[in-house]
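Take a look at the structure set out below.
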Amino acid sequence: MWKSLSRTVLNGESLIKTACNADLLLGNQTKRLLTAQNFGGRVTVAMITGDGVGPELMSGVKKVFTSAGVPVDFEEIETNHKQNTEETCFEAITAIRRNGVAIKGNIETKLDLLEADQKSPNVHIRTLLDLFANVIKVKSIPALPTRHNNIDIRIIRENTEGEYTHLEHESIPGVVETYKIITAKKSMRIARFAFEYARRNRRKKVTAIHKANIMKLADGLFLKCCREVADEFPDIEFDSMIVDNTAMQLVSNPEQFDVMLLPNLYGNIVGNICCGLVGGAGMVGGANIGDKYRVFETATRNTGKGIAGMNIANPSAMLFASTLMLKYVG
(Lines give C-alpha, C1' and ligand atoms only; values in the text may rest on other atoms or scores of the structure.)
Protein backbone atom coordinates (compact mmCIF):
# COMPACT_ATOMS: atom_id res chain seq x y z
CA MET A 1 0.00 0.00 0.00
CA TRP A 2 2.90 2.35 0.67
CA LYS A 3 4.14 2.21 -2.92
CA SER A 4 5.77 4.62 -5.37
CA LEU A 5 3.77 7.84 -5.14
CA SER A 6 2.97 7.45 -1.47
CA ARG A 7 6.63 6.86 -0.55
CA THR A 8 8.01 9.80 -2.48
CA VAL A 9 5.24 12.35 -2.11
CA LEU A 10 3.70 11.78 1.27
CA ASN A 11 5.64 10.98 4.38
CA GLY A 12 3.16 10.32 7.18
CA GLU A 13 4.49 12.64 9.86
CA SER A 14 5.22 15.53 7.50
CA LEU A 15 1.73 15.11 6.02
CA ILE A 16 0.16 15.60 9.43
CA LYS A 17 2.22 18.75 10.06
CA THR A 18 1.36 20.15 6.63
CA ALA A 19 -2.36 19.43 6.62
CA CYS A 20 -2.84 20.61 10.19
CA ASN A 21 -2.06 24.07 8.84
CA ALA A 22 -4.96 23.70 6.40
CA ASP A 23 -8.29 25.47 6.41
CA LEU A 24 -10.45 25.48 9.52
CA LEU A 25 -13.55 23.32 9.14
CA LEU A 26 -15.44 25.36 11.76
CA GLY A 27 -17.32 23.91 14.71
CA ASN A 28 -17.05 25.95 17.88
CA GLN A 29 -19.96 24.41 19.74
CA THR A 30 -19.09 20.74 19.17
CA LYS A 31 -15.36 21.33 19.10
CA ARG A 32 -15.31 22.64 22.66
CA LEU A 33 -16.61 19.27 23.82
CA LEU A 34 -14.04 17.29 21.84
CA THR A 35 -10.79 18.95 22.90
CA ALA A 36 -8.09 16.65 24.22
CA GLN A 37 -8.12 18.44 27.56
CA ASN A 38 -11.59 17.06 28.23
CA PHE A 39 -10.37 13.50 27.70
CA GLY A 40 -7.17 13.40 29.72
CA GLY A 41 -5.09 14.43 26.74
CA ARG A 42 -6.58 11.85 24.34
CA VAL A 43 -9.55 11.83 21.99
CA THR A 44 -11.63 8.86 20.92
CA VAL A 45 -12.78 8.82 17.30
CA ALA A 46 -15.06 6.35 15.55
CA MET A 47 -13.31 4.52 12.71
CA ILE A 48 -15.72 3.07 10.16
CA THR A 49 -13.49 0.80 8.10
CA GLY A 50 -15.84 0.48 5.11
CA ASP A 51 -15.46 -1.96 2.23
CA GLY A 52 -12.93 -2.55 -0.55
CA VAL A 53 -9.62 -0.86 0.26
CA GLY A 54 -11.13 0.87 3.30
CA PRO A 55 -9.62 -1.49 5.90
CA GLU A 56 -6.18 -1.17 4.24
CA LEU A 57 -6.36 2.63 4.28
CA MET A 58 -7.44 2.66 7.91
CA SER A 59 -4.50 0.43 8.77
CA GLY A 60 -2.22 3.03 7.21
CA VAL A 61 -3.83 5.80 9.27
CA LYS A 62 -3.31 3.84 12.49
CA LYS A 63 0.35 3.17 11.65
CA VAL A 64 1.05 6.85 10.96
CA PHE A 65 -0.77 7.99 14.11
CA THR A 66 1.15 5.48 16.22
CA SER A 67 4.48 6.48 14.68
CA ALA A 68 3.76 10.18 15.20
CA GLY A 69 2.45 9.73 18.74
CA VAL A 70 -0.94 11.23 17.92
CA PRO A 71 -3.17 11.20 21.05
CA VAL A 72 -6.17 9.62 19.33
CA ASP A 73 -7.84 6.30 20.13
CA PHE A 74 -10.09 4.63 17.57
CA GLU A 75 -13.35 2.82 18.17
CA GLU A 76 -13.28 0.53 15.15
CA ILE A 77 -16.51 -0.49 13.47
CA GLU A 78 -16.47 -3.06 10.68
CA THR A 79 -19.16 -3.07 8.02
CA ASN A 80 -21.49 -6.06 8.21
CA HIS A 81 -24.02 -5.93 5.41
CA LYS A 82 -27.56 -6.85 6.44
CA GLN A 83 -30.83 -7.09 4.57
CA ASN A 84 -31.68 -3.43 5.07
CA THR A 85 -29.74 -0.21 5.30
CA GLU A 86 -30.77 0.61 8.87
CA GLU A 87 -29.30 -2.64 10.21
CA THR A 88 -26.14 -2.29 8.13
CA CYS A 89 -25.48 1.21 9.49
CA PHE A 90 -26.69 0.79 13.07
CA GLU A 91 -23.31 0.22 14.72
CA ALA A 92 -21.61 2.91 12.65
CA ILE A 93 -24.25 5.53 13.44
CA THR A 94 -24.21 4.60 17.12
CA ALA A 95 -20.42 5.04 17.25
CA ILE A 96 -20.57 8.39 15.46
CA ARG A 97 -23.22 9.65 17.86
CA ARG A 98 -21.22 8.42 20.83
CA ASN A 99 -17.94 10.06 19.76
CA GLY A 100 -19.18 13.04 17.77
CA VAL A 101 -16.53 12.56 15.10
CA ALA A 102 -15.50 9.73 12.79
CA ILE A 103 -13.14 8.77 10.01
CA LYS A 104 -14.85 6.57 7.47
CA GLY A 105 -14.15 4.31 4.53
CA ASN A 106 -16.75 4.06 1.81
CA ILE A 107 -19.44 1.44 2.36
CA GLU A 108 -20.38 -0.55 -0.73
CA THR A 109 -23.93 -0.19 -1.99
CA LYS A 110 -25.10 -3.76 -2.54
CA LEU A 111 -27.97 -3.37 -4.98
CA ASP A 112 -29.03 -6.99 -4.55
CA LEU A 113 -29.76 -6.33 -0.86
CA LEU A 114 -31.54 -2.98 -1.21
CA GLU A 115 -35.21 -2.48 -1.86
CA ALA A 116 -36.07 0.26 -4.35
CA ASP A 117 -37.09 2.69 -1.60
CA GLN A 118 -34.00 2.16 0.57
CA LYS A 119 -31.09 4.59 0.63
CA SER A 120 -27.52 3.44 0.23
CA PRO A 121 -25.63 3.09 3.54
CA ASN A 122 -23.48 6.18 2.88
CA VAL A 123 -26.47 8.38 2.05
CA HIS A 124 -28.38 6.99 5.03
CA ILE A 125 -25.57 8.01 7.41
CA ARG A 126 -25.33 11.51 5.94
CA THR A 127 -29.06 12.20 6.00
CA LEU A 128 -29.83 10.61 9.38
CA LEU A 129 -27.05 12.59 11.08
CA ASP A 130 -27.86 15.69 8.98
CA LEU A 131 -24.31 16.03 7.67
CA PHE A 132 -25.49 18.76 5.36
CA ALA A 133 -22.17 20.09 4.05
CA ASN A 134 -19.56 18.11 2.16
CA VAL A 135 -16.27 20.04 2.04
CA ILE A 136 -13.44 18.98 -0.25
CA LYS A 137 -10.06 20.67 -0.30
CA VAL A 138 -8.56 20.39 -3.79
CA LYS A 139 -4.99 21.65 -3.91
CA SER A 140 -2.05 20.97 -6.19
CA ILE A 141 0.81 19.04 -4.60
CA PRO A 142 4.22 20.45 -5.64
CA ALA A 143 5.89 17.03 -5.78
CA LEU A 144 3.17 15.63 -8.06
CA PRO A 145 3.28 17.30 -11.50
CA THR A 146 -0.07 17.50 -13.30
CA ARG A 147 -1.40 19.41 -16.29
CA HIS A 148 -2.44 22.29 -13.99
CA ASN A 149 -0.11 22.94 -11.06
CA ASN A 150 -1.69 25.96 -9.37
CA ILE A 151 -5.07 24.62 -8.25
CA ASP A 152 -6.48 25.68 -4.87
CA ILE A 153 -10.24 25.05 -4.84
CA ARG A 154 -12.76 24.34 -2.11
CA ILE A 155 -15.84 22.32 -3.08
CA ILE A 156 -18.86 22.87 -0.83
CA ARG A 157 -21.69 20.51 -1.68
CA GLU A 158 -25.19 20.31 -0.24
CA ASN A 159 -25.26 16.78 1.12
CA THR A 160 -28.84 15.84 2.03
CA GLU A 161 -31.32 16.53 -0.78
CA GLY A 162 -31.46 16.96 -4.56
CA GLU A 163 -31.44 13.71 -6.54
CA TYR A 164 -30.28 11.78 -3.46
CA THR A 165 -33.67 11.78 -1.72
CA HIS A 166 -34.47 8.35 -3.23
CA LEU A 167 -37.94 9.39 -4.29
CA GLU A 168 -38.68 7.49 -7.47
CA HIS A 169 -41.27 5.09 -8.78
CA GLU A 170 -42.38 3.31 -11.92
CA SER A 171 -45.62 5.05 -12.85
CA ILE A 172 -46.40 2.59 -15.65
CA PRO A 173 -44.28 -0.28 -16.95
CA GLY A 174 -41.22 1.15 -18.67
CA VAL A 175 -41.65 4.67 -17.30
CA VAL A 176 -39.76 5.72 -14.15
CA GLU A 177 -40.17 9.08 -12.42
CA THR A 178 -37.44 10.43 -10.15
CA TYR A 179 -37.91 13.49 -7.96
CA LYS A 180 -35.26 16.13 -7.40
CA ILE A 181 -35.98 17.95 -4.15
CA ILE A 182 -34.61 21.47 -3.66
CA THR A 183 -35.79 23.47 -0.65
CA ALA A 184 -35.19 27.09 0.24
CA LYS A 185 -34.32 26.14 3.82
CA LYS A 186 -31.48 23.79 2.90
CA SER A 187 -30.29 25.93 0.01
CA MET A 188 -30.00 28.95 2.30
CA ARG A 189 -28.22 26.85 4.90
CA ILE A 190 -25.53 25.53 2.53
CA ALA A 191 -25.10 28.94 0.91
CA ARG A 192 -24.56 30.62 4.26
CA PHE A 193 -22.15 27.85 5.25
CA ALA A 194 -20.15 28.45 2.06
CA PHE A 195 -19.90 32.20 2.53
CA GLU A 196 -19.01 31.89 6.21
CA TYR A 197 -16.37 29.33 5.27
CA ALA A 198 -14.99 31.69 2.63
CA ARG A 199 -14.80 34.62 5.03
CA ARG A 200 -13.28 32.57 7.83
CA ASN A 201 -10.60 31.13 5.56
CA ARG A 202 -9.88 34.40 3.72
CA ARG A 203 -11.17 33.15 0.39
CA LYS A 204 -12.12 35.81 -2.14
CA LYS A 205 -14.86 34.37 -4.33
CA VAL A 206 -17.81 31.95 -4.22
CA THR A 207 -19.17 30.47 -7.46
CA ALA A 208 -22.61 28.83 -7.43
CA ILE A 209 -22.98 25.97 -9.92
CA HIS A 210 -26.44 25.29 -11.37
CA LYS A 211 -28.59 24.33 -14.35
CA ALA A 212 -31.27 26.97 -13.86
CA ASN A 213 -31.53 27.56 -17.60
CA ILE A 214 -33.24 24.15 -17.85
CA MET A 215 -34.50 23.40 -14.31
CA LYS A 216 -35.89 26.87 -13.78
CA LEU A 217 -37.79 26.05 -10.59
CA ALA A 218 -35.44 23.65 -8.79
CA ASP A 219 -32.04 25.04 -9.70
CA GLY A 220 -33.62 28.47 -10.00
CA LEU A 221 -34.53 28.30 -6.32
CA PHE A 222 -31.02 27.17 -5.38
CA LEU A 223 -29.48 30.05 -7.33
CA LYS A 224 -31.93 32.56 -5.88
CA CYS A 225 -31.01 31.51 -2.34
CA CYS A 226 -27.29 31.78 -3.14
CA ARG A 227 -27.78 35.31 -4.43
CA GLU A 228 -29.75 36.36 -1.36
CA VAL A 229 -27.03 35.09 0.97
CA ALA A 230 -24.32 36.68 -1.19
CA ASP A 231 -25.88 40.09 -0.51
CA GLU A 232 -25.04 39.59 3.17
CA PHE A 233 -21.33 39.20 2.36
CA PRO A 234 -20.29 42.26 0.31
CA ASP A 235 -16.63 41.52 1.01
CA ILE A 236 -16.77 38.27 -0.97
CA GLU A 237 -17.16 38.21 -4.74
CA PHE A 238 -20.05 36.09 -6.03
CA ASP A 239 -20.77 34.69 -9.43
CA SER A 240 -22.58 31.70 -10.94
CA MET A 241 -21.94 29.23 -13.73
CA ILE A 242 -23.95 26.58 -15.56
CA VAL A 243 -22.75 23.11 -14.65
CA ASP A 244 -21.83 21.89 -18.14
CA ASN A 245 -19.74 24.99 -18.77
CA THR A 246 -18.18 24.44 -15.35
CA ALA A 247 -16.92 21.01 -16.40
CA MET A 248 -15.20 22.51 -19.45
CA GLN A 249 -13.78 25.44 -17.49
CA LEU A 250 -12.36 23.11 -14.84
CA VAL A 251 -10.29 21.09 -17.29
CA SER A 252 -9.13 24.16 -19.25
CA ASN A 253 -8.75 26.92 -16.66
CA PRO A 254 -9.29 25.63 -13.10
CA GLU A 255 -7.29 28.46 -11.53
CA GLN A 256 -10.29 30.77 -11.95
CA PHE A 257 -12.21 28.97 -9.19
CA ASP A 258 -11.92 29.61 -5.46
CA VAL A 259 -14.91 28.31 -3.46
CA MET A 260 -17.46 26.34 -5.48
CA LEU A 261 -20.99 26.00 -4.10
CA LEU A 262 -23.10 23.19 -5.53
CA PRO A 263 -26.28 21.18 -5.01
CA ASN A 264 -25.87 17.49 -4.30
CA LEU A 265 -25.43 15.70 -7.62
CA TYR A 266 -23.40 18.46 -9.30
CA GLY A 267 -21.14 18.50 -6.25
CA ASN A 268 -20.46 14.80 -6.65
CA ILE A 269 -19.56 15.11 -10.33
CA VAL A 270 -17.53 18.32 -10.06
CA GLY A 271 -15.73 17.00 -6.98
CA ASN A 272 -14.56 13.95 -8.90
CA ILE A 273 -13.35 16.10 -11.80
CA CYS A 274 -11.36 18.26 -9.39
CA CYS A 275 -9.77 15.22 -7.76
CA GLY A 276 -8.64 14.05 -11.18
CA LEU A 277 -6.99 17.42 -11.81
CA VAL A 278 -4.64 17.08 -8.83
CA GLY A 279 -3.71 13.42 -9.11
CA GLY A 280 -6.78 11.22 -8.74
CA ALA A 281 -8.97 9.56 -6.16
CA GLY A 282 -6.11 8.75 -3.83
CA MET A 283 -4.97 12.33 -3.35
CA VAL A 284 -7.86 14.33 -1.87
CA GLY A 285 -9.56 14.20 1.52
CA GLY A 286 -12.92 15.59 2.56
CA ALA A 287 -15.34 16.10 5.42
CA ASN A 288 -19.08 15.74 5.96
CA ILE A 289 -20.19 18.43 8.39
CA GLY A 290 -23.31 18.88 10.46
CA ASP A 291 -24.25 20.89 13.51
CA LYS A 292 -23.54 17.95 15.84
CA TYR A 293 -21.32 15.47 14.03
CA ARG A 294 -18.36 15.33 11.63
CA VAL A 295 -17.39 12.41 9.40
CA PHE A 296 -14.09 12.58 7.52
CA GLU A 297 -13.41 10.45 4.45
CA THR A 298 -11.81 10.45 1.02
CA ALA A 299 -13.19 13.02 -1.42
CA THR A 300 -14.25 10.47 -4.03
CA ARG A 301 -16.70 8.03 -2.50
CA ASN A 302 -15.61 4.79 -4.10
CA THR A 303 -14.61 1.55 -2.39
CA GLY A 304 -11.71 0.56 -4.64
CA LYS A 305 -13.09 -2.97 -4.55
CA GLY A 306 -11.20 -3.94 -7.70
CA ILE A 307 -7.78 -3.36 -6.11
CA ALA A 308 -8.55 -4.51 -2.57
CA GLY A 309 -5.84 -6.76 -1.14
CA MET A 310 -3.34 -5.95 -3.91
CA ASN A 311 -1.22 -3.57 -1.79
CA ILE A 312 -1.44 -0.78 -4.38
CA ALA A 313 -4.12 1.50 -2.88
CA ASN A 314 -2.84 5.03 -2.36
CA PRO A 315 -3.38 5.96 1.33
CA SER A 316 -2.79 9.68 0.82
CA ALA A 317 -6.46 10.74 0.55
CA MET A 318 -7.37 8.99 3.79
CA LEU A 319 -4.30 10.47 5.50
CA PHE A 320 -5.35 13.93 4.33
CA ALA A 321 -8.84 13.24 5.72
CA SER A 322 -7.33 12.14 9.02
CA THR A 323 -5.33 15.36 9.30
CA LEU A 324 -8.47 17.42 8.66
CA MET A 325 -9.98 15.43 11.52
CA LEU A 326 -7.02 16.31 13.76
CA LYS A 327 -7.45 19.98 12.92
CA TYR A 328 -11.08 19.74 13.98
CA VAL A 329 -10.61 17.91 17.29
CA GLY A 330 -7.78 20.22 18.27
- [ ] Looking for whichever is open to solvent by less than 10 Å² (accessible area, probe 1.4 Å), farther than 30 Å from Arg97 by Cβ and in contact with a Ser or Thr (Cβ under 7 Å, 6 or more places away or on another chain) here; the options are Met260, Met318. Which one fits?
- [x] Met260
Task: Selected residue (criterion: most open to solvent (accessible area, probe 1.4 Å)) from residues of the stretch 287-315 that are in contact with a Lys or Arg (Cβ under 7 Å, 6 or more places away or on another chain) and of a type in the set (A, V, I, L, M) - done: Ile312
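Conditions tested, residue by residue: (1) open to solvent by 10 Å² or more (accessible area, probe 1.4 Å); (2) in a loop (DSSP other than H, G, I, E, B).
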| residue | (1), (2) |
| --- | --- |
| Tyr164 | yes, no |
| His169 | yes, no |
| Arg203 | yes, yes |
| Val206 | no, no |
Open item on the list: Out of Val243, Val284, I need the residue that is closer than 29 Å to Leu144 by Cα, among the hydrophobic types (A, V, I, L, M, F, W, C), touching a Phe, Trp or Tyr at 6+ places or on another chain (Cβ under 9 Å) and open to solvent by 20 Å² or more (accessible area, probe 1.4 Å). Which one?
Closed with: Val243
- [ ] May I ask you to list pairs of residues, at least six apart or on different chains, whose Cβ atoms are under 6 Å apart, with the first in the stretch 60-76 being within 16 Å of Thr49 (Cβ to Cβ) and of a type in the set (D, E, K, R) and the second being open to solvent by less than 20 Å² (accessible area, probe 1.4 Å) and modelled with pLDDT of 95 or more?
- [x] Glu75/Ala46; Glu75/Ala95; Glu76/Met47
- [ ] Assess whether Ile153 counts as being open to solvent by less than 10 Å² (accessible area, probe 1.4 Å), out of contact with any Ser or Thr (no Cβ under 6 Å at 6 or more places or on another chain), hydrophobic (A, V, I, L, M, F, W, C) and not in a loop (DSSP other than H, G, I, E, B).
- [x] yes
Open item on the list: Let me confirm something: among Thr165, Thr127, which residue is at pLDDT below 90 and under 21 Å from Phe222 (Cα atoms)?
Closed with: Thr165
Open item on the list: Regarding the stretch 133-147, can at least one residue be identified that is within 23 Å of Tyr293 (Cα to Cα), of a type outside the set (Val, Ile, Thr) and either assigned to a helix (DSSP H, G or I) or open to solvent by less than 10 Å² (accessible area, probe 1.4 Å) (or both)?
Closed with: yes
TODO: Could you tell me whether Gly290 is in contact (Cβ under 8 Å) with a residue 24 or more places away in the chain, touching a strand residue (DSSP E or B) at 6+ places or on another chain (Cβ under 9 Å) and either basic (Lys, Arg) or farther than 22 Å from Glu163 by Cα (or both)?
DONE: no
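The values are calculated or read from the model by the stated rules, or taken from the named source; none is laboratory data. The structure displayed is predicted, hence computed values, not measured ones. We place every Cβ from the backbone using ideal geometry, glycine too, and count neighbours over all the protein chains shown. The area values use the complete protein model at the heavy-atom level, side chains included, leaving out ligands, DNA and RNA. Shrake-Rupley method; radii C 1.70, N 1.55, O 1.52, S 1.80 Å.
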